Amino acid sequence: MKSRRRSLRKSPQTPDATGSEMYHCSDCGESFTKSHQLKDHERIHTGEKPYHCGQCGKSFTQPWTLQRHERIHTGEKPYQCLQCGKSFTLRCNLQRHQRIHTGEKPYHCGQCGKSFTCQRTLQRHELIHTGEKPYLCAQCGKSFSFQSNLQQHERIHTGEKPYHCGQCGKSFTQPWTLQRHERIHTGEKPYHCGQCGKSFTCQSNLQQHLRSHTGEKPYHCGLCGKSFTFRSNLQQHEHIHTGEKPYHCSQCGKSFTLQCNLQRHQRIHTGEKPYHCGQCGKSFTCQRTLQRHERIHTGEKPYLCGQCGKSFSFQSNLQQHERIHTGEKPYHCGQCGKSFTQPWTLQRHERIHTGEKPYHCGQCKKSFTCQGNLQQHLRSHTGEKPYHCGLCGKSFTFRSNLRQHLRIHTGEKPFHCSQCEKRFRDQRTLHSHQQRHTGQKLYLCGQCGRSYTLSSSLRTHKCSNIKPSDVNFSNEHWLALYRRNFWLVRKPFRLRTLSSLD
């Protein structure tokens, strides 16, 4: 330190254009008008951090940086917004917040012209164009565009979570993550969409929502050129090319491409469901699932198909629907080469090859390849009919049955014959009708060999070859049922035996 002080005394003090003395850094040549400014600056080169936090021991180069840090412990927020009353620990945070009310965006990107409320957000945005990632993790070699992102990443290795919620005690790696979490308790949603009036807990969610109105997809994959609305979607997509799954569950060893997916998965082990529906009280493991659920109550469908005008509650459903128009099937089975529009459809298909049936009925031990099939099966035990017709009150076990029933009221006939343009309410009736054009006779009498295009014609067929049977029945109904099921073969159904009638 003595040598450093000597260098300060010996630093050249040259006058500037106004005649004032200037103090120059002997390491980098930067100039200052005050000697204390030079002293503060030199700590960048020496690494000296003389100001220490009395509570956690963290050190800082400047006294005001220490004061700002101490507010984390005290909770002091001296800067208050006059419009909404929100308080902040730093003046710069208040100034940035006030731009939400004024709409001011003074920082502009020189390449694409996009505007931002704060300089840091502009700098982050500019790296999209340059692709620069100068900050490197010493443990795993991963690189980042911003130092704050590196610091956040390093906590994955250290496990440090220094920011704690005063209400539930949950800990977080970043202060803004804590602030966002606290809004779950307060219900605060300070960010509002100017087009539809919807409110959000954090600015990033509002920005993401706005893209549903604009259709903007600013994030592009460098390998296949595909574009995405959100950076997280691009990062998730890039793992398809790399196969990387860097986040591992310590309990079961399962790996994930995104940290948020790991956190959501871990709640399976803990049973935690921190997100609650204000209308029905149902709880969920992740916020996105709650948001999807809430649209059941509101009926909101903000995502619109640009080709046919159909609207959807969720962006993922819109993306899935758009593939009907484009014919895109990006997910391929490694065993048979079959392609699918969605990754979960591929996963379900792969179970045909593996024979895996991970969903089990607790009542009859029957197993299923997907959860939806199990839920449908359980209704055979409970008799539940959760889908109700709003016009006549009739109830149905499956949603598909309700949709088919509603066409009776609406008169909709979406299935049309390509040969005669006749229309039908359901696909099965269309298939039966098309057999009249093709001449196919799929329904065959097992005794005389006569065939029919319709199953109803086979049922009414009276076969002269049926011999009197030694089997006796208590009434005519059971005799007719016996003749229909034992003597008559109705393709493509199997021939039933006598034992099936017991």
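Okay, here's what the table says:
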quantity	calculated
Selection within the stretch 296-326 - of a type in the set (D, E, K, R) and part of a loop (DSSP other than H, G, I, E, B)	E300, K301, K310
Total residues in the stretch 93-124, condition part of a helix (DSSP H, G or I) and more than 16 Å from Q235 (Cβ to Cβ)	15
The stretch 130-147, subset surrounded by 13 or more Cβ atoms within 10 Å (Cβ to Cβ) and of a type in the set (G, A, S), residue modelled with the highest pLDDT	S143
Qualifying residue in the stretch 68-81 (condition: in the same structural domain as C28 (by TED's automatic domain parsing), closer than 30 Å to G29 by Cβ and surrounded by 12 or more Cβ atoms within 10 Å (Cβ to Cβ))	yes
Unmet requirement for F396, which otherwise passes all of (1) farther than 30 Å from H241 by Cβ; (2) touching a helix residue (DSSP H, G or I) at 6+ places or on another chain (Cβ under 6 Å); (3) not assigned by TED's automatic domain parsing to the domain that holds R428	(3)
Condition met for T121 (modelled with pLDDT under 85, in the same structural domain as C202 (by TED's automatic domain parsing) and touching a helix residue (DSSP H, G or I) at 6+ places or on another chain (Cβ under 7 Å))	no
Y247 under 19 Å from the mean Cα position of the chain (by Cα) and not assigned by TED's automatic domain parsing to the domain that holds L210	no
Only listed residue being assigned by TED's automatic domain parsing to the domain that holds R231 and hydroxyl-bearing (S, T, Y), chosen from T130, T65	T130
Exclusive hit being under 30 Å from Y247 (Cα atoms) and of a type in the set (S, T, N, Q), set Q83, Q139, Q98, Q119	Q139
Within the stretch 279-295, considering residues that are out of contact with any helix residue (DSSP H, G or I) (no Cβ under 6 Å at 6 or more places or on another chain) and in contact (Cβ under 8 Å) with a residue 12 or more places away in the chain, the one nearest to Q315 (Cα to Cα)	R292
Top-ranked residue in the stretch 358-379 [being of a type outside the set (A, V, I, L, M, F, W, C) and free of Cβ contacts under 8 Å to residues at least 12 places away in the same chain; ranked as surrounded by the fewest Cβ atoms within 10 Å (Cβ to Cβ)]	K365
The stretch 153-179, subset part of a loop (DSSP other than H, G, I, E, B) and among the basic types (K, R), residue surrounded by the fewest Cβ atoms within 10 Å (Cβ to Cβ)	K161
Only one of L150, L127 that is surrounded by 16 or more Cβ atoms within 10 Å (Cβ to Cβ) and of a type in the set (A, V, I, L, M, F, W, C)	L150
Residue within the stretch 126-141 that is out of contact with any helix residue (DSSP H, G or I) (no Cβ under 7 Å at 6 or more places or on another chain) and among the aromatic types (F, W, Y) present	no
Unmet requirement for Q119, which otherwise passes all of (1) surrounded by 14 or more Cβ atoms within 10 Å (Cβ to Cβ); (2) under 30 Å from G215 (Cβ atoms)	(1)
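Yes/no matrix, rows are residues, columns are (1) in the same structural domain as H241 (by TED's automatic domain parsing); (2) surrounded by 17 or more Cβ atoms within 10 Å (Cβ to Cβ); (3) in contact (Cβ under 8 Å) with a residue 60 or more places away in the chain:
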residue	(1), (2), (3)
H181	yes, yes, no
I184	yes, yes, yes
E188	yes, no, no
H192	yes, no, no
S199	yes, no, no
S204	yes, no, no
G215	yes, no, yes
C221	yes, no, no
C224	yes, no, no
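The values are calculated or read from the model by the stated rules, or taken from the named source; none is laboratory data. None of these values were measured; they are calculated from a predicted model. No Cβ is skipped: glycine too gets one built from the backbone with ideal geometry, and neighbour counts run over all protein chains shown.
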